[in-house]
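K.L.:
I have a structure here, written as structure tokens, and I will follow up with some questions on it.
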Amino acid sequence: MKKHLTIFFCFLIFSGLVNAQDTLTKKEVRKQQKSFLIPGRPWTVEVPLWIPGFAGAFAYGDVGFEGEDGADIENPIEPPPSGGIGDILSRLFTSKWYLKFFFLTRVVYEKNRFIGQFDAISGSVGESVEFNYNKKEIVQANFRTTNLRLFAGYKFINAVSGNKKFRYEFFGYLGVRTHFHKIYSDLDGVINKLDINPVWVEPIIGLQNQFTWKRWFFVLQGDYGGYFVDSKSSFMLSTFLYYRTGKITSLKLGWNHLNFNHKGTFLKEDYKVNVTLSGPSIGLAFHF
């Protein structure tokens, strides 16, 4: 009887040890699945998180508009001294300035040494003057843009540390960038409004660096566009930091900086536009 009890208790202890080992292994597997170092999920799809007070709050925008002679179409003038006509005008009119910058989406496919990516950003900057007594807008000027980028690249460097916890990757890529712009100004009572909608597609060439450390993933990329396209050029710098929160999800914090130049003709006169837009992005990424 004692022999049977001894065997029975040994069996229970052995089963408990096996179960404990299985539990430890499952925890380790769950931990590994949240690491960017584990392959097998080539697709990444991002959706923006527009937090009130954040989207565009730290952005920078600058629009330069020049006429045929190379000078600004509207030259700035110095404000009148305090206590003079400036105080009267400030009571009659209100000037409003705004700047918005939005990250729209990002879709990435990466497998072996190949990478493909599509992304989109949008921004707007403008100013308006309103007559305070009837709240009528008498002057407005704004610039809006949406930029789509599509590229494919090849991994030239893939370096992994000895402990398998850090990886560095270097890509070169080729693609296209599509610009959708609208330049608009309106002066009340004036027939000739400025309403320009330049749209063009340009080839781009760029470089991308990727740094991976356990749950952290950092991307730094930049490209230049405008080859073989007359009177148009652009460059874009992007940086993103991801933190893996689950098996298929991660949080992203990034920054995009876009600059482009465009020359065209409006009412038989040449014009040149130089635009710089820079702003943050927060996103939720899904990996599958």
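Values in this text are rule-based calculations from the coordinates and carry no lab data. Just so it is clear, the structure is predicted and the values come from calculations on it, not from any experiment. Every residue, glycine among them, receives a Cβ derived from its backbone with ideal geometry; neighbour counts consider all protein chains shown.
K.L.:
Distance from a point 7 Å along Cα→Cβ of Ser35 to each backbone N in the stretch 209-227: keep the residues under 16 Å and list them by number.
P.N.:
Backbone N within reach: 211-218.
K.L.:
Please report Arg177, Arg113 as a ranked list, fewest other C-beta atoms within 10 angstrom at the top and most at the bottom.
P.N.:
Lowest to highest Cβ neighbour count: Arg113, Arg177.
K.L.:
Tell me, what is the FRET efficiency for Ser128 and Val107 to the nearest 0.05, using R0 = 41 angstrom and their Cβ-Cβ distance as r? Intermediate results must be reported in sequence, preceding the final value.
P.N.:
Details: r = 36 Å, r/R0 = 0.87.
Given R0 = 41 Å and the Cβ-Cβ separation, E is 0.70.
K.L.:
Would you kindly state how much longer the chain becomes between Ile51 and Ser233 on full extension, computed as 0.36 nm times their sequence separation minus their alpha carbon distance, in nm to one decimal?
P.N.:
Using 0.36 nm per residue and subtracting the Cα-Cα distance, I get 62.3 nm.
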